Amino acid sequence: MVSENSYPFEINAEGNRFSMRFPLHLPVRILSGNREFSGTTENISANGVLFRLTASIPVDAPVEFLLEISADELGGQNAAAVHCSGRIIRSYREQSNCFAAAVIDEYRFQ
């Protein structure tokens, strides 16, 4: 069986794949309601991100998170920090790991 996160594309609400994913494994803390989740990013696209987490986040939950990308990962001289807000569109378990895919509704560079 091929893992869902091994494909280089995003899936929209209708189940169609459409955006190139970039395999960036960054530490992340996610705020959703009054809860905080920790984990890493598995991949990032122009409008979404897949998280590997220590606990599951329900579908439709609003989320806020900060992505800090080093200059090495960007292939340049400057690092970037991006504050994102969005919502969880898919949540699943694979063996002992929890995964959540979020669509990014808004972002701003810090």
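A few notes on this one:
- The single condition among (1) free of Cβ contacts under 8 Å to residues at least 60 places away in the same chain; (2) surrounded by 10 or more Cβ atoms within 10 Å (Cβ to Cβ); (3) not basic (Lys, Arg) that residue 99 does not meet is (1).
- Taking (1) more than 21 Å from residue 106 (Cβ to Cβ); (2) at pLDDT 95 or above in turn, residue 23 satisfies each apart from (2).
- For region 53-88, taking the residues that are within 15 Å of residue 103 (Cα to Cα) and charged (D, E, K, R), the one that is farthest from the chain's Cα centre (by Cα) is identified as 60.
- Look at (1) without any contact (Cβ under 8 Å) to a residue 40 or more places away in the chain; (2) surrounded by 12 or more Cβ atoms within 10 Å (Cβ to Cβ); (3) in contact with a His (Cβ under 8 Å, 6 or more places away or on another chain) and you find that residue 38 fails only one, number (3).
The values are calculated or read from the model by the stated rules, or taken from the named source; none is laboratory data. Model, not experiment: these values are computed from the prediction. Methodologically, a virtual Cβ is constructed for each residue, glycine included, from the backbone with ideal geometry; neighbour enumeration extends over all protein chains shown.
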